[in-house]
Number of protein chains: 2
Amino acid sequence: MSYVVAVVGATGVVGREMLNVLAQRKFPAKRVLPLASKRSAGSEVTFNGQKLTVEEATPDRFEGVDVVLFSAGGSVSRELAPQAAARGAVVIDNSSAWRMDDEVPLVVPEVNMAAAKDRPKGIIANPNCSTIQMVVALKPIHDLSPIEHVIVSTYQAASGKGHAALEELERQTADMAAGREPEVKVFPAPIAGNLLMDWKPGEGGYSEEELKLVNETRKILGAPDIGVSPTCVRVPVATSHSEAVLVRCKDKLTPEQVRKALSTAPGVVLQDEGTYVPGAHPQPRPAAGTDPVFVGRIREDLALPGAIHLWIVADNLRKGAALNAVQIAEGIFTR
Amino acid sequence: MSYVVAVVGATGVVGREMLNVLAQRKFPAKRVLPLASKRSAGSEVTFNGQKLTVEEATPDRFEGVDVVLFSAGGSVSRELAPQAAARGAVVIDNSSAWRMDDEVPLVVPEVNMAAAKDRPKGIIANPNCSTIQMVVALKPIHDLSPIEHVIVSTYQAASGKGHAALEELERQTADMAAGREPEVKVFPAPIAGNLLMDWKPGEGGYSEEELKLVNETRKILGAPDIGVSPTCVRVPVATSHSEAVLVRCKDKLTPEQVRKALSTAPGVVLQDEGTYVPGAHPQPRPAAGTDPVFVGRIREDLALPGAIHLWIVADNLRKGAALNAVQIAEGIFTR
């Protein structure tokens, strides 16, 4: 079997990565349709070494399409995802529009692929980048003993905010190297040589990004009572999010138990020397462009016996977005 | 009264900043002696717009000196601090050599200046940069209700590792802007566009830096039972450390109580809109070169009722090192 695949938002950082991942993983596509806004229609993208012309994403484009990967923002998904689903396509949506909808499964294949089977709206939501990598690392721990509390501080890359943000980091890096004051357009302040909290406001003094980590983690793990204590921070890194996580389960765990569970966990590469070695931990720069969720710095907390620290790094454009979406499609069409 | 002041390690990033701070704050110095290793002797540093020639730090140099600020590393301090104290000087030591010595007070003036009075060895230790800014923000909270547990993830600047590290970040930033692979000499891997844990190993899977946060916080606050759960991370920022802190006290606190306490706390600038506003939080880039400890993102934890999150930013070379040392000297000589 082979399938017709459409990518909506094909000119964005995640859309381009979706095309890369589809080609690299040899997804059985008999046709790939790159779609985008009217503004981007007519531009070219690369798929499997070939140039494809981007067309405008209109409802009739979804006729005869088997699977549509959306990564064009919430409002486009809200409008067009139901149109694609109504025409029989399976929709895998990377925006936040449908994630907390009770009739839309929120799927990380290593964690809850089975949830994708029940999709009354024909839509499957791809979680937020910072949530995906965290739950891939947490699931094997949750299976050892139910997680009660997760405290997470993030170190998130500029590309998580899109193409213009990534370009702004690059431009500001050049500004700094030249001794110029960095020019600010996309972020609320310089991101080069700085740290920002630039996400939209949520509730209770939290950013939207922080609340996503809370709500999506609970939904994916199917554990609505897990406490999640998030702080989300943008760092001057191009690609790959990193997370300092402290997890407390119902039972006390040892670092050895957690290392053992993670050493065979799907999607995880354990990068842990069993002790602290300077520079031996997972790092965002070498993780960029790769598929795994790297986990290291596994150690028992000094104050809460049996609580465990982890340092989790993954490419936010790949496992955090495009790869996870394509893996969902694989789970539905090729398994 | 005016005093003879020596700075040991005068050519390092912190030593230079000590000279700046002494001049800026008009410390009553009748003479300032810049001292360093034999290798650096003969070089020049600037104090109050004047060039001073650096001399080799030998024991006899401390004759007639009233106060010696050390920032030349642990082994120099271990050898020379007692020599300076034996000649009657008050030693304020920025290395980690004496910090946990029971006969050496560990002082942050806003927190425990009184401890400096009892210095049987004639030595006062200046705490680690990441500890200083944290305890300045925690003390007013500890006074509201005794702190039981602090969970801290750091975002530490390159200059915390010294001059060569700061230059490496600058050089690698230029490499990145030019599309070159960053050259690595000082850090164990690239720091530009990356995150590192580059400190020496401690025990139990922790870095030395992480254990400093635990032990020094307890000693400064005089509360040996406080639980501290640290993760220390280096970020590609030149100057100013940032910290995501979650604090749980004996009693439940509200963000309003904490904001009120911090709004009048010595050394603290409250930078908190009372809610989440993108970009309105304290940032390392604008904090560099300034004196305060900036605190923002004050909010109640979502899982632990009455536990409070803080985001704490300060210049690691000034409040984290040079300024704190000079403030200790002021507390002894000018109050």
- [ ] Would you mind stating whether residue A:244 is at pLDDT 95 or above, buried (at least 24 other Cβ atoms within 10 Å of the Cβ) and either of a type outside the set (S, T, N, Q) or within 21 Å of residue A:169 (Cβ to Cβ) (or both)?
- [x] yes
- [ ] Check the stretch A:249-259 and report whether any residue there is more than 9 Å from every other protein chain (Cβ to nearest Cβ) and among the acidic types (Asp, Glu).
- [x] yes
Open item on the list: Just to check your reading of the model, which residue among A:277, A:313, A:293 is at pLDDT 95 or above, within 14 Å of chain B (Cβ to nearest Cβ) and buried (at least 17 other Cβ atoms within 10 Å of the Cβ)?
Closed with: A:313
- [ ] Would you tally the residues in the stretch B:208-242 being within 7 Å of another protein chain (Cβ to nearest Cβ) and either under 18 Å from residue B:133 (Cβ atoms) or assigned to a loop (DSSP other than H, G, I, E, B) (or both)?
- [x] 10
Task: Residue pairs meeting the criteria (Cβ under 9 Å; at least 6 apart or on separate chains; first part of a strand (DSSP E or B), in the stretch A:247-274; second of a type in the set (Phe, Trp, Tyr)) - done: A:268/A:294; A:269/A:294; A:270/A:294
Task: Checklist (1) surrounded by fewer than 24 Cβ atoms within 10 Å (Cβ to Cβ); (2) over 23 Å from residue B:287 (Cα atoms) applied to residue A:205, failing item - done: (2)
Task: Residue that is within 11 Å of chain A (Cβ to nearest Cβ), farther than 17 Å from residue B:317 by Cβ, in contact (Cβ under 8 Å) with a residue 24 or more places away in the chain and not aromatic (Phe, Trp, Tyr), where the choices are B:106, B:196, B:138 - done: B:196
TODO: Please list, ordered by first then second residue, the pairs with beta carbon atoms under 9 Å, 6 or more apart or interchain, first in the stretch B:289-316 and over 23 Å from residue B:227 (Cα atoms) and free of Cβ contacts under 8 Å to residues at least 40 places away in the same chain, second crowded, with 19+ Cβ neighbours inside 10 Å and among the acidic types (Asp, Glu).
DONE: B:290/B:315; B:291/B:315; B:292/B:315
Open item on the list: Which of the numbered conditions does residue B:166 fail, given that it passes all the others? Conditions: (1) hydrophobic (A, V, I, L, M, F, W, C); (2) within 13 Å of chain A (Cβ to nearest Cβ); (3) within 30 Å of residue B:304 (Cβ to Cβ).
Closed with: (3)
Open item on the list: Show me the helices (runs of 4 or more DSSP H) found entirely inside the stretch A:93-205 where at least 2 residues are closer than 28 Å to residue B:230 by Cβ, of a type in the set (D, E, K, R) and assigned by TED's automatic domain parsing to the domain that holds residue A:233.
Closed with: A:129-144
Task: Verdict on residue A:4 being buried (at least 20 other Cβ atoms within 10 Å of the Cβ), in a strand (DSSP E or B), in contact with a strand residue (DSSP E or B) (Cβ under 9 Å, 6 or more places away or on another chain) and not charged (D, E, K, R) - done: no
TODO: Kindly list the number of the only condition in (1) free of Cβ contacts under 8 Å to residues at least 60 places away in the same chain; (2) in the same structural domain as residue A:18 (by TED's automatic domain parsing); (3) of a type in the set (S, T, N, Q) that fails for residue A:327.
DONE: (1)
Task: Filtered residues of the stretch A:47-86 (kept if in contact (Cβ under 8 Å) with a residue 24 or more places away in the chain, assigned to a helix (DSSP H, G or I), within 23 Å of the chain's Cα centre (by Cα) and surrounded by fewer than 17 Cβ atoms within 10 Å (Cβ to Cβ)) - done: A:82
Open item on the list: Suppose we keep only residues that are within 11 Å of chain A (Cβ to nearest Cβ) and surrounded by fewer than 22 Cβ atoms within 10 Å (Cβ to Cβ) within the stretch B:260-274. Which one would you say is farthest from residue B:316 (Cα to Cα)?
Closed with: B:274
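The values are calculated or read from the model by the stated rules, or taken from the named source; none is laboratory data. Since the structure is predicted, the reported quantities are computational estimates derived from the model, not experimental observations. FYI the Cβ positions are ideal-geometry reconstructions off the backbone, even for glycines, and counts take in every protein chain you see.
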